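Worksheet: one structure, shown below.
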Ligand code: PLP
């Protein structure tokens, strides 16, 4: 059975060029990058070059980049590391639709005594500006975390209007750009981002490599101790081959972003148009597919009568690979916190199905996906 993969926000296949580079790097960069001999120096040079190329692609300085084991570790290091390094009161604000890799360390800090403010979003999943300004004016914080693009519904969170209206000293800005990379332009310098998070496996790179951008001058406490690697902020022997392959994937993602985004957008429109006529009862969450401000690849919807999790399993049997935002905890279906934050109610928040397109999905994939969705939708009624 031929299968259609529409789960690129979870992981993307390794790009052919990256795979080739990675395989060669696995052979070449086998030594410990901290060893002083020739093989060690070669592995070190591979990391240095990866850092240079990543920094050039992102328009930042190479000293500002820390390689980690993924987006989750980068976000934890950013949030816990920055707050723990700040003298005085610890306080932070985050949107109600942040990924768990930001939400969980924020809650951890809260348990340690930090003050946490929540920034609500509107029905489209954008920050409610008036509410955000009111909250942060009444109760200023030291750090604000706003993801660049939401992984479940594809909304974009813009920090600029919020920061422009804040009185008093500017808080640090942490941006999780894991889903934005390669899909929308990153504007970290222009936006005044202090801490930025990326993950290579969302853009055709290997699993297990993340990037933390830390603007020069921002203090961080490491989470681990025992080595001087990555400026002592991420100690432990580096995975030189994977870092080298990740840098190539990030470089390609940035340079190809406009063309890739346009292709994804066209396929998203096709998907939406075919789906609304094939399954008129389908309802959509988040920004409208034709909205300017949204990820070009992410569609979240419900089919009447279906729980998201069960729908994912059924679609998988039919050859369509997708995901849902709802988690299965102790045998019961939990509602997606992101959909709940949009104010859709617990029942609908369990129904969300996420379709996320990739660089290489074809129009034929979209037609096949809609055929499967139509069959499954009508099998239930
Ligand atoms: N942030 C967002 C928005 C994500 O979607 C993900 C992964 O799904 C992550 C962070 C975590 O990245 P990683 O899988 O590299 O830990």
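The values are calculated or read from the model by the stated rules, or taken from the named source; none is laboratory data. In this text, all values refer to a predicted model and were calculated from it rather than measured experimentally. So basically every Cβ, Gly included, is an ideal-geometry build from the backbone, and we count neighbours across all protein chains shown.
Below, the figures for the structure above:
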quantity	calculated
Residue selected from the stretch 206-223 under the condition within 16 Å of the ligand (Cβ to nearest atom) and part of a loop (DSSP other than H, G, I, E, B), by the criterion surrounded by the most Cβ atoms within 10 Å (Cβ to Cβ)	209
Members of the stretch 123-137 found to be outside any helix (DSSP H, G or I) and without any contact (Cβ under 8 Å) to a residue 24 or more places away in the chain, listed by number	128
Residues that are under 21 Å from the mean Cα position of the chain (by Cα), buried (at least 20 other Cβ atoms within 10 Å of the Cβ) and part of a helix (DSSP H, G or I), drawn from the stretch 264-293	264, 267, 268
Test: residue in the stretch 294-308 that is outside any loop (DSSP other than H, G, I, E, B), buried (at least 19 other Cβ atoms within 10 Å of the Cβ) and modelled with pLDDT under 95	yes
Residues that are within 16 Å of the ligand (Cβ to nearest atom), surrounded by 21 or more Cβ atoms within 10 Å (Cβ to Cβ) and assigned to a helix (DSSP H, G or I), drawn from the stretch 40-75	54, 71, 73, 74, 75
Sole residue being at pLDDT below 95, assigned to a loop (DSSP other than H, G, I, E, B) and at negative phi, chosen from 167, 140	167
Qualifying residue in the stretch 239-250 (condition: out of contact with any helix residue (DSSP H, G or I) (no Cβ under 6 Å at 6 or more places or on another chain) and part of a helix (DSSP H, G or I))	yes
Residue check for residue 96: within 12 Å of the ligand (Cβ to nearest atom), touching a residue at least 12 places away in the same chain (Cβ under 8 Å), under 23 Å from residue 150 (Cα atoms) and in contact with a helix residue (DSSP H, G or I) (Cβ under 8 Å, 6 or more places away or on another chain)	no
Among residues of the stretch 152-173, those that are within 16 Å of the ligand (Cβ to nearest atom), in contact (Cβ under 8 Å) with a residue 60 or more places away in the chain and in contact with a helix residue (DSSP H, G or I) (Cβ under 8 Å, 6 or more places away or on another chain), counted	2
Matching residues, the stretch 194-205, being surrounded by fewer than 24 Cβ atoms within 10 Å (Cβ to Cβ) and more than 8 Å from the ligand (Cβ to nearest atom)	194
Cβ-Cβ under 7 Å pairs, at least 6 apart or on other chains, the stretch 53-82 side at pLDDT 95 or above, far side assigned to a loop (DSSP other than H, G, I, E, B) and within 12 Å of the ligand (Cβ to nearest atom)	67/209; 69/208; 70/208; 70/209; 71/178
Test: residue in the stretch 24-38 that is assigned by TED's automatic domain parsing to the domain that holds residue 179 and either within 16 Å of the ligand (Cβ to nearest atom) or assigned to a strand (DSSP E or B) (or both)	no
